[in-house]
1. Hey, could you check segment 10-27 for residues that are crowded, with 19+ Cβ neighbours inside 10 Å and closer than 23 Å to Ala95 by Cβ and say which is farthest from the ligand (Cβ to nearest atom)?
2. Does Arg36 satisfy the condition of being of a type in the set (Lys, Arg), surrounded by 24 or more Cβ atoms within 10 Å (Cβ to Cβ) and under 23 Å from Glu76 (Cα atoms)?
3. Scan segment 23-31 and tell me whether some residue there is hydrophobic (A, V, I, L, M, F, W, C), modelled with pLDDT of 95 or more and part of a loop (DSSP other than H, G, I, E, B).
4. Considering segment 144-194 alone, what residues qualify as being basic (Lys, Arg) and part of a helix (DSSP H, G or I)?
5. Could you say which residue among Asp77, Asp151, Asp159, Asp123 is of a type in the set (Asp, Glu) and surrounded by 14 or more Cβ atoms within 10 Å (Cβ to Cβ)?
6. Going through segment 195-220 one residue at a time, which ones are assigned to a helix (DSSP H, G or I) and within 28 Å of Ala146 (Cβ to Cβ)?
7. Hey, among the residues in segment 146-181 that are of a type in the set (Lys, Arg) and more than 11 Å from the ligand (Cβ to nearest atom), which one's modelled with the highest pLDDT?
8. Mind checking whether some residue in segment 33-40 is more than 13 Å from the ligand (Cβ to nearest atom) and assigned to a helix (DSSP H, G or I)?
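The values are calculated or read from the model by the stated rules, or taken from the named source; none is laboratory data. Keep in mind the model is a prediction, meaning the values are calculated, not measured. Cβ sites come from the backbone with ideal geometry, for glycine too, and all protein chains shown count toward neighbours.
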Amino acid sequence: MIVTIDGPAGSGKSTAARGLSQRLGFEFLDTGAMYRCVALAVVQQNVDPADEQAVASVSQQIQITFSDAKVLLDGEDVSLEIRTPEVTEAASLVAQYPAVREELVHLQRQAAADIDIVSEGRDQGTVVFPDAFCKFFLVADPEERARRRQDELQAQGKDVTCEEILQQIYERDQRDEQRIVAPLKPADDAVEINTSTLTIDEVLDQLEQIVRTRINSVAH
Ligand code: DC
């Protein structure tokens, strides 16, 4: 059974997807981490992120695996390295390339084959798993998303103004929503939830209730 959670950065989908997978006893797939791994490999290998062919070739050569809550790139734990601003920016660029997406979509479908999983990203309900059992699209006001990101960065000892973060959010949203392949948008049959004023537990309660109600209705 596949549950998809899509939405923009800062909408709370990563925390929600991880929490929902725990509540349901499902596996969890963070597809953004996969794009971030390609971006990190591109940065490490000094490949120009604007060189589509070179980036595609990198994406075909690397090995991305998940172990517990860790992300491994060619066997090495890169869970922290993939979250730097440089890699975040590069990830948004490399995610535009059709050949990169094709490669990662293939890996995502492989990872979800024959298991119960909550898969989180931008195109999980629209492109990767169009027949998913339950689809969610999380949104939040840009100001709230910027505030959450600022909290995250401050926890890492980084001081960035809310205005700077807001600007980056607008730029990334625009790139994610306007790209030709698999743009960020809700699937027609996705349940949309605005998390701006909700606590994580309130979001999880809503998600869990919707999935369980659907499971019960199928069982009867
Ligand atoms: O969710 P995230 O911020 O970790 O995602 C990193 C980048 O990857 C972001 O620019 C959007 C992109 N992405 C994507 O295009 N498709 C996905 N399924 C997941 C992430």
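1. Once the filter is applied, the top-ranked residue is Ser21.
2. Answer is yes for this residue.
3. Yes, that holds for at least one residue.
4. If the condition is that a residue be basic (Lys, Arg) and part of a helix (DSSP H, G or I), then Arg145, Arg147, Arg148, Arg149, Arg172, Arg175 are the ones that fit.
5. Being of a type in the set (Asp, Glu) and surrounded by 14 or more Cβ atoms within 10 Å (Cβ to Cβ) holds for just one of Asp77, Asp151, Asp159, Asp123, which is Asp123.
6. Taking segment 195-220 as the starting set, the residues that turn out to be assigned to a helix (DSSP H, G or I) are 200-219.
Once the filter is applied, which keeps residues that are assigned to a helix (DSSP H, G or I) and within 28 Å of Ala146 (Cβ to Cβ), segment 195-220 yields Ile200, Asp201, Glu202, Val203, Leu204, Asp205, Gln206, Leu207, Glu208, Ile210.
7. Taking the candidates together, the pick is Arg147.
8. Within segment 33-40, none of the residues are more than 13 Å from the ligand (Cβ to nearest atom) and assigned to a helix (DSSP H, G or I).
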